[in-house]
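Enquirer: My questions will all concern the structure given below.
The values are calculated or read from the model by the stated rules, or taken from the named source; none is laboratory data. Remember, it's a predicted structure, so these values are computed and weren't measured experimentally. Here the Cβ positions follow ideal geometry from the backbone for every residue, glycine too, while neighbour counts run over all protein chains shown.
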Amino acid sequence: MGRAVLLTGQPRVGKTTIIKQIVTALDDACGGFYTEEIRERGQRVGFKLVTTSGREGTLAHIRLEDAPHVGKYGVNLRDLQAVGVTAIRQAIASKKVVVIDEIGKMEMLSDSFRDAVMEALASDRDIVGTIMLYSHPWSDAIKNNPQVTVIEVCGANRDTLADQVLELLKRGPVQEDNR
C-alpha cells in the first residue's frame, strides 16, 4: 500500500482548497477528482466533480428529484460513476498520487465508488483526499487503518497543510498518526 493522507474537518473549513493546492503542486503526477460548489444567485444548489484533467460532472443538486438524497441534495450516481470512479481508477493505473475529494455521505451511496476507494487503498499509489469528520462505520474503518494518516483541518493549520501533506508524500510512509 502506498501512503494515504486524508484531511477531515467541519464543512467549509478549507479542505478542498488544500486539495486544489496539492493538485496544482503535483501537476501531472496526480489524478482523481475534487469537488466544487454549484452556486446560483449566491446560493449553493449542489456540488460538481472536477477531475484533475478538467472533466466535470454533477455530484448532487437540489433539483435532482429521482435520485437518492442526502439532506436536500439529490445525488447523481451516474456522474459519480462516470466521472469520479473513472478518474480514481485511471489514477490508480497511471499516476503516482490518487486524489479523492471526498469520501463522504453522498459518495458512499455508490458501491462502485466504495470499491474504487478500496482499490486505491490496496494499491501501491499514494492517496491524498478528504474524508467526512462524522462517524460512519465504513469511513471509520478507513480512518482507523494504520496506513492512513488523518489530519483535521482547522483555521489554525489550514494555511500550511498543503505544504505539510506534500512533505509527507516526499518522506515516505508516515510514522506519526496525526489524528
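Enquirer: If I go through region 1-23 residue by residue, how many of them are touching a residue at least 24 places away in the same chain (Cβ under 8 Å) and assigned to a loop (DSSP other than H, G, I, E, B)? Steps first, answer last, please.
Expert: Step one: of region 1-23, the residues touching a residue at least 24 places away in the same chain (Cβ under 8 Å) are 1-10, 13-19, 21-23.
Now restrict to residues that are assigned to a loop (DSSP other than H, G, I, E, B): 1-3, 9-10, 13-14.
Total satisfying the criteria: 7.
Enquirer: Further, regarding this structure: Looking at region 102-135, which of its residues are modelled with pLDDT of 95 or more, surrounded by 21 or more Cβ atoms within 10 Å (Cβ to Cβ) and among the charged types (D, E, K, R)?
Expert: Glu107, Arg125, Asp126
Enquirer: Can you confirm whether region 95-104 contains a residue that is over 23 Å from Gly14 (Cα atoms), in contact with a helix residue (DSSP H, G or I) (Cβ under 6 Å, 6 or more places away or on another chain) and not aliphatic (A, V, I, L, M)?
Expert: Here is the first cut: in region 95-104, the residues over 23 Å from Gly14 (Cα atoms) are 95-96.
From what is left, the residues that are in contact with a helix residue (DSSP H, G or I) (Cβ under 6 Å, 6 or more places away or on another chain) are 96.
Right, trim to not aliphatic (A, V, I, L, M) and you get 96.
Yes, some residue in region 95-104 is over 23 Å from Gly14 (Cα atoms), in contact with a helix residue (DSSP H, G or I) (Cβ under 6 Å, 6 or more places away or on another chain) and not aliphatic (A, V, I, L, M).
Enquirer: For region 92-111, give me each residue that is of a type outside the set (D, E, K, R), under 15 Å from Ser139 (Cα atoms) and in a helix (DSSP H, G or I). Reasoning before the result, please.
Expert: Start the filter on region 92-111 by keeping residues that are of a type outside the set (D, E, K, R), which leaves 92-94, 97-100, 103-104, 106, 108-110.
In the following step, the residues that additionally are under 15 Å from Ser139 (Cα atoms) were identified as 100, 103-104, 106, 108-110.
Result: Met108, Leu109.
Enquirer: Of the residues Arg3, Arg44, which is loosely packed, with under 15 Cβ neighbours inside 10 Å and basic (Lys, Arg)? Lay out the reasoning, then the answer.
Expert: Numbers: Arg3 fails: loosely packed, with under 15 Cβ neighbours inside 10 Å.
Of Arg3, Arg44, the one residue that is loosely packed, with under 15 Cβ neighbours inside 10 Å and basic (Lys, Arg) is Arg44.
Enquirer: While we're here: Here are the criteria: (1) modelled with pLDDT under 95; (2) assigned to a strand (DSSP E or B). Tell me which single one Pro146 does not satisfy.
Expert: Tallying (1) modelled with pLDDT under 95; (2) assigned to a strand (DSSP E or B), Pro146 fails exactly one: (2).
Enquirer: Can you confirm whether Asn144 is of a type outside the set (Lys, Arg), more than 23 Å from Arg12 (Cβ to Cβ) and free of Cβ contacts under 8 Å to residues at least 12 places away in the same chain?
Expert: Values: of a type outside the set (Lys, Arg): yes; more than 23 Å from Arg12 (Cβ to Cβ): yes; free of Cβ contacts under 8 Å to residues at least 12 places away in the same chain: yes.
Considered against the rule, which asks whether it is of a type outside the set (Lys, Arg), more than 23 Å from Arg12 (Cβ to Cβ) and free of Cβ contacts under 8 Å to residues at least 12 places away in the same chain, Asn144 comes out as yes.
Enquirer: Filter region 47-57 for residues that are without any contact (Cβ under 8 Å) to a residue 40 or more places away in the chain and either over 24 Å from Gly9 (Cα atoms) or crowded, with 20+ Cβ neighbours inside 10 Å (or both) and give the result. Show your work before the answer.
Expert: Applying the first criterion (without any contact (Cβ under 8 Å) to a residue 40 or more places away in the chain) to region 47-57 yields 48-51, 53-57.
The answer is Leu49, Val50, Thr51, Ser53, Gly54, Arg55, Glu56, Gly57.
Enquirer: I'd like to verify a number: residues in region 29-41 that are surrounded by fewer than 20 Cβ atoms within 10 Å (Cβ to Cβ) and either of a type in the set (Ser, Thr, Tyr) or free of Cβ contacts under 8 Å to residues at least 40 places away in the same chain (or both), how many? Break it down into steps so the answer makes sense when it comes.
Expert: So in region 29-41, the residues surrounded by fewer than 20 Cβ atoms within 10 Å (Cβ to Cβ) come out as 29, 36-41.
Remaining after also requiring either of a type in the set (Ser, Thr, Tyr) or free of Cβ contacts under 8 Å to residues at least 40 places away in the same chain (or both): 36-41.
Residues that pass the stated criteria total 6.
Enquirer: Those residues that are crowded, with 18+ Cβ neighbours inside 10 Å and part of a loop (DSSP other than H, G, I, E, B), I need them from region 65-91; list them, please.
Expert: Asn76
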